[in-house]
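Okay, structure first, notes after.
The values are calculated or read from the model by the stated rules, or taken from the named source; none is laboratory data. Values in this document were obtained by computation on a predicted structure and should not be read as measured data. Cβ placement follows ideal geometry from the backbone for every residue including glycine, while neighbour counts extend to all protein chains displayed.
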Amino acid sequence: MKELLVKNVNAIEGRKMNRNGKEFTIKPVIPAEEVSKCRVNFVEVERGHSAFSYHYHEVNEEVFYIISGVGIVRTINGDLKVKAGDAITFPTGEKGAHVISNGSETEKLVYIDFDTASIAEVVHFPDMNKVMVTGPYSKGMYDEE
């Protein structure tokens, strides 16, 4: 980070995402161009949707803090139900595999996603048998062997 920031979820312009039919909104707390050691985003997930796809990281760790709503987190050990006030940690490797879905019929799921921000990263998507590699000079999605 380059400077002290105070952000409010309601004041940040969101960027609508659509990944494999999954729709959600990301509201960056720390702009991408200022990330050096950690990433922080507010994430909003509408009813019937999830954020991203089931995945795990080789390098970066993640922590979700649920602000409002109810989430269903798919993990390698089964589904977990989370609610406002809950925090869930995702270590690197297969044991940290996850995807969060909105578990409410009536309410938007809103959470903060805290991530470490190592520059080179490998992300596995077991359901798609794909791996994504990102670095300072490259980015690509490849078939997992």
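Worth a mention:
- Selection status of ARG74, under 18 Å from ASN20 (Cα atoms) and at pLDDT 95 or above: yes
- Any hit, segment 81-94, residues being under 17 Å from HIS124 (Cα atoms) and polar (S, T, N, Q): yes
- Pairs linking a residue in segment 3-17 that is at pLDDT 85 or above to a residue that is in a loop (DSSP other than H, G, I, E, B), with Cβ atoms under 6 Å and 6 or more positions apart or on different chains, are LYS7/VAL29.
- Residue count for segment 13-36, restricted to those that are surrounded by 10 or more Cβ atoms within 10 Å (Cβ to Cβ), within 17 Å of the chain's Cα centre (by Cα) and part of a loop (DSSP other than H, G, I, E, B): 6.
- Within segment 39-63, tally of residues that are of a type outside the set (A, V, I, L, M), under 11 Å from VAL99 (Cα atoms) and in a strand (DSSP E or B): 6
- Any hit, segment 87-106, residues being farther than 19 Å from GLY48 by Cα and basic (Lys, Arg): yes
- Cβ-Cβ distances below 9 Å connect the following pairs, each with a first residue in segment 120-136 that is among the acidic types (Asp, Glu), a second residue that is assigned to a strand (DSSP E or B), and a separation of six or more residues or different chains: GLU121/HIS57; GLU121/MET132; GLU121/VAL133; GLU121/THR134; ASP127/SER53; ASP127/TYR54; ASP127/HIS55; ASP127/VAL99.
- As for segment 43-52, it holds at least one residue that is farther than 25 Å from PRO126 by Cβ and either touching a residue at least 24 places away in the same chain (Cβ under 8 Å) or crowded, with 19+ Cβ neighbours inside 10 Å (or both).
- Tally of residues being among the hydroxyl-bearing types (Ser, Thr, Tyr) and within 23 Å of VAL133 (Cβ to Cβ) across segment 83-123: 3
- Subset of segment 37-59 [within 13 Å of the chain's Cα centre (by Cα) and acidic (Asp, Glu)]: GLU44
- Residue tally, condition hydroxyl-bearing (Ser, Thr, Tyr) and more than 28 Å from ILE67 (Cα to Cα), over segment 89-145: 4
- Taking the conditions (1) touching a strand residue (DSSP E or B) at 6+ places or on another chain (Cβ under 7 Å); (2) within 30 Å of GLU144 (Cβ to Cβ) in turn, VAL110 satisfies each one other than (2).
- Of the strands (runs of 3 or more DSSP E) that lie entirely inside segment 66-134, those containing 3 or more residues that are surrounded by fewer than 14 Cβ atoms within 10 Å (Cβ to Cβ) and of a type outside the set (Ser, Thr, Tyr) span 78-83.
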